[in-house]
Amino acid sequence: MAAADTPHHPEEAEAALPDRRALMRGISAMGLGAFVAPIAVRPGADDPITTLLQTLTGTKPAPPPAPSPAPAPKPVPPKPSKPKGKPKPGDLVRASDTPLASTEDIPVNSGMLFEADEYIVTQPQAGKFVGFDSLCTHEGCPVDVFDRPGIMACSCHSTDFKITDGSVIRGPAKKPMPKKLIIVEDGQIYRAKKFE
């Protein structure tokens with residue numbers, strides 16, 4: 001059938017073509033898409049298409065996702081004490097593997113009696129520890145009073161000694177308190193002896 005033989009029905013032709021409004025909507029949507037697409041790919045930008053659809057439909061936008069928490073820092077293991085090598089004659093070494101006390105147990109400018117070990121440990125200033133024999137040089141009673149700053153006293157006859165060097169502040173004792181060796185390692189106080 002030739003083109004001349006085709007019946008001419010204008011109403012069929014109009015139905016096959018989109019109306020002018022539909023055509024304009026399609027062009028507008030394509031133009032809007034060409035404008036919005038580059039914006040949508042910006043880092044950190046809200047999705048404008050979703051926002052537009054939510055505005056048109058009256059739905060509330062979903063809250064933005066919560067930021068993921070920063071990973072917790074990995075704990076740093078404590079550094080092991082460096083071995084000091086083999087001790088030389090005269091070096092202080094532990095006399096026992098059992099500590100007398102922790103350094104935190106001894107108050108600054110005071111001291112503590114360890115009667116079973118026959119030791120006194122004082123801390124005249126922060127971080128400095130001194131060891132003494134626990135018995136008073138007067139009649140051998142334990143020196144067991146540490147209630148005054150810088151002083152250790154015997155409760156039997158009230159002799160006062162300095163916690164720094166054991167010297168007599170007030171007698172009846174005449175001789176100073178003899179020092180005893182201690183060693184501090186990793187926050188612990190040990191009885192000590194000289195390496196031979």
So what does Ile169 come to for accessible area, using a 1.4 Å probe and Å² rounded to 10? 80 Å²
With the 1.4 Å probe rolled over protein heavy atoms, region 114-169 has an accessible area per residue in Å² of 45 Å²
Loop chymotrypsin sites (Phe, Trp or Tyr not before Pro), region 110-196, which have at most 14 other Cβ atoms in a 10 Å radius of their Cβ (DSSP): Phe195
Taking N as the number of residues in region 81-189, the ratio of its alpha carbon radius of gyration to 2.2 N^0.38 Å works out to 1.11
Ratio of Rg to Rh for region 130-192, alpha carbon only, Kirkwood? 1.00
Along the Cα→Cβ direction, 7 angstrom out, place labels at Asp133 and Phe114. What is the inter-label distance in nm? 1.8 nm
Exposure rank, largest accessible area first [Leu92, Leu100; 1.4 Å]: Leu92, Leu100
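The values are calculated or read from the model by the stated rules, or taken from the named source; none is laboratory data. Keep in mind that what you see is a predicted model, and the values were worked out from it rather than measured. In this analysis, Cβ positions are derived from the backbone assuming ideal geometry, glycine residues included, and neighbour counts consider all displayed protein chains. To get the accessible areas, we keep the full protein, side chains included, count just its heavy atoms, and leave off ligands, DNA and RNA. Shrake-Rupley method; radii C 1.70, N 1.55, O 1.52, S 1.80 Å.
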